[in-house]
1. Sum up the charges of everything whose Cβ sits under 11 Å from the Cβ of B:Arg435, counting Lys and Arg as +1 and Asp and Glu as -1, but leave B:Arg435 out.
2. State to the nearest 20 debye the size of the charge dipole of chain B about its Cα centre, where the only charges are +1 on K and R beta carbons and -1 on D and E beta carbons.
3. Which whole number gives the average, over all residues in A:69-76, of C-beta atoms from other chains lying within 10 Å of the residue C-beta?
4. Between rounded, prolate and oblate, where does segment B:52-161 land on the alpha carbon gyration tensor, with a ≥ b ≥ c its root eigenvalues, rounded for a/c under 1.5, else prolate if a/b exceeds b/c?
5. Rounded, prolate or oblate: pick one for segment B:186-339, where a ≥ b ≥ c are the square roots of the eigenvalues of its C-alpha gyration tensor, a/c under 1.5 means rounded, and failing that, prolate if a/b is larger than b/c, else oblate.
6. Nearest 100 Å², what total accessible surface is buried between chain B and chain A (probe 1.4 Å)?
7. Using a probe radius of 1.4 Å on heavy atoms only, what accessible surface per residue do you get for segment B:52-161? Whole Å² is fine.
8. In debye, nearest 20: dipole of segment A:1-92 around its Cα centre with unit charges on the Cβ of K, R (+) and D, E (-)?
Amino acid sequence: MKQDLYRAVYCSRISIHGPPRRIADELRTILKVSRRNNARDDLSGALLFANQCFAQALEGPRAALERCFERIQNDPRHADVTVLEFGPTATREFPKWSMAFAGDPSPEANDPLAFVVFEGAFARAREQAGSAVLGLLHGLVRREEAWALA
Amino acid sequence: MPLASPHAPPRTGETAAITRAGAQSKHKAAANHKAKRSPAPVTGGAREESALRDAIRGLEEGMVVLDPDLRLVLCNQSARRQLGWAGAPPRRGLALARLLARAGALEAAERAMIETRCRALLATAAGAPQPEKLTLGDLSLRLHRLAGFGVAIFLPTGASEGEAALRDPLTGLGNRRAFQAALTAALARPDGEVALILLDLDRFKHVNDSFGHPVGDALLRLVAERLRTSLRAADTLVRLGGDEFAILLPRADGAEALAERLVDLVSRPYLVEGHLANIGASIGIARAPMDAREAGLLLRRADLALYAAKAAGRQQFALFQPEMDARAQARQALETDLRRAVALGQFQLHYQPLVAVPAGNIIGFEALLRWQNPARGMVSPAEFIPLAEEIGLIVPIGEWVLRQACRTAASWSEAVLVAVNVSAVQFTDGARLLRAVDEALASSGLPGARLELEITESVLLRDAAETLAILHALHARGVRIAMDDFGTGYSSLSQLRSFPFDKIKIDRSFIHEVEAQTDGQAVVRAVAALGTSLGITVTVEGVETEAQAAFVAASGGHEMQGYLISRPVPADAVPALLARPHTTPKRQTTG
């Protein structure tokens, strides 16, 4: 099982149109469904939403991860998917989370750090972008975990 | 500020315990077995039994009958054929395990599966003889508990073989035959309204080549699934073969919207068997009845539209347009004529001199291809070279040019250069190109140092390492390499550094601008300075006026070529040009 552990990091742009409330509702639905499916499939990860973009890290057994990614690809609620990183990994970055969430669903929200990372992600240097997004997600999730413990 | 939910549910590591229906204790099975041990006496006597046996033997459906000990009672010919049984028919009383062991169509796991299921079936209560279905690859079996006896295995042929013949085994979609049937049926409906969508994957071959066929196959299954989820129940989706799919919509409207969605969906990245695959999709659409009413024509027109989508840069869709037909016909006619021209030797070479600046002496000639067709007259290279490249004819044509140019140059009174254009397509088979150069030099006796090959920037856009290896191999033969049409393509200066070019030829468009605009002047001056500092000869092409010639001299160009010096002339006019006294090109010579 251990040698079959893979991680994928990708970015995409949201294609849900409507008021912030509607977007927030959709995000809640997305999270609910992904948490349920991921718990079932032994997947963990983190999702960031900012600047109308998603960044997601997904990790777990390869076959389950690939199936999950196919489901995500077939989802019309986003577009312009760019895979930043995909490959085997020794350890999980988000072992405690079926899907941690970081982000503000309102379209006015503008997290400057996320903006810089997203710009990098859609540019050409994919390898750096992959680790930058992963680092960003990790940092955010760690911060939240620390708060939750405090 | 980012929000996070600390209440995400923890991952569960639970594994569902799977209980297999029908698995029962050995004890119970044995008891059950014993109860049914004594078979009912055969009624009707030996003649009736014999007649029944004959009937079963002749059945089209495969049938195997086993007694309660799972020993063979009979196995008809169809079953033997489907199981891959070779040799004489199996003996009565043969154990099922041994029967299956010799069934070449089955794998070990499948044999075990059949035996397990038969035993499970024997163990079930005799009162519920529900047939059990078992699908093993292409084989689909039906297992029956025979009341008061053993087990019968049916291997249906008719329907399932018919179905298999219409199915693509890789994706489970319909195949080309299913598509033909569906298309014919759709066109036969009273309204005859159909939209035919042909979809081809872009860069699929690359995935197959770099990750292997199993990954390619898995990718095709994912593509099929993405397509399937985008369609309505009334739509027909098939895989025509390779990376080609077709979709039939029972309506002419809405095909464009669907095509747009499919291009987007199929072009999204894939994670497959541990690899990241990025492919695209090109789509051609033809609609009945407006584009065609007949299946073959509709298909051809969808194919033309697909071709147009690819020609326009792939990853997009195109609707059939009537002018595509005319274009395809013209192209087809040109192709036929071009193939004939190669066979009949309708090509000629003309030679245009290059002169040194400012001395004016001829340092070489560029060999230029001419095609004189009896019906078309002189066909412009701009018209036929791209087609020749597309259909691969450029390779034999290019080899002829090399041979002919070297032979002609070897006969010249002065040891000047002969320059030959080489297509990027010729670089895809570097070994063949090198062989052609070697043969041309050997058969003509021309020293390699008198041959100059002109390549365009597109050559360098191909596999760089491979291309550079070929260029170095040519250099090793003394052959000079010139960068042609400089400034029109990608014009990356880094390409000039990637290989020690002997010459840069500045495209004619720049010298034409010299008198009107200053941009052209700046480019010619800059490239001349660059060439001088890198030790590369700079040739200016397309010099037509005295003013342009003067500008070339003033800006430091090393050579020039153009109508001012001479038009391209037939081979027999070259000696006269060589005999001409060296002049600064004052006289306007027309060839």
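The values are calculated or read from the model by the stated rules, or taken from the named source; none is laboratory data. Because the structure is predicted, anything quoted here is derived from the model rather than measured. All Cβ positions, glycine included, derive from the backbone under ideal geometry; neighbour counts span all protein chains shown. To get the accessible areas, we keep the full protein, side chains included, count just its heavy atoms, and leave off ligands, DNA and RNA. Shrake-Rupley method; radii C 1.70, N 1.55, O 1.52, S 1.80 Å.
1. Numbers: positive: B:Arg432; negative: B:Glu399, B:Asp429, B:Asp438, B:Glu439.
Net local charge, B:Arg435 excluded: -3.
2. I would put it at about 3180 debye.
3. 5
4. Rounded.
5. Because a/c hits 1.5 or more and a/b fails to exceed b/c, segment B:186-339 counts as oblate.
6. In total, chains B and A hide about 2500 Å² from solvent.
7. Heavy-atom accessible area per residue stands at 50 Å².
8. Rounded to the nearest 20 debye, it is 340 debye.
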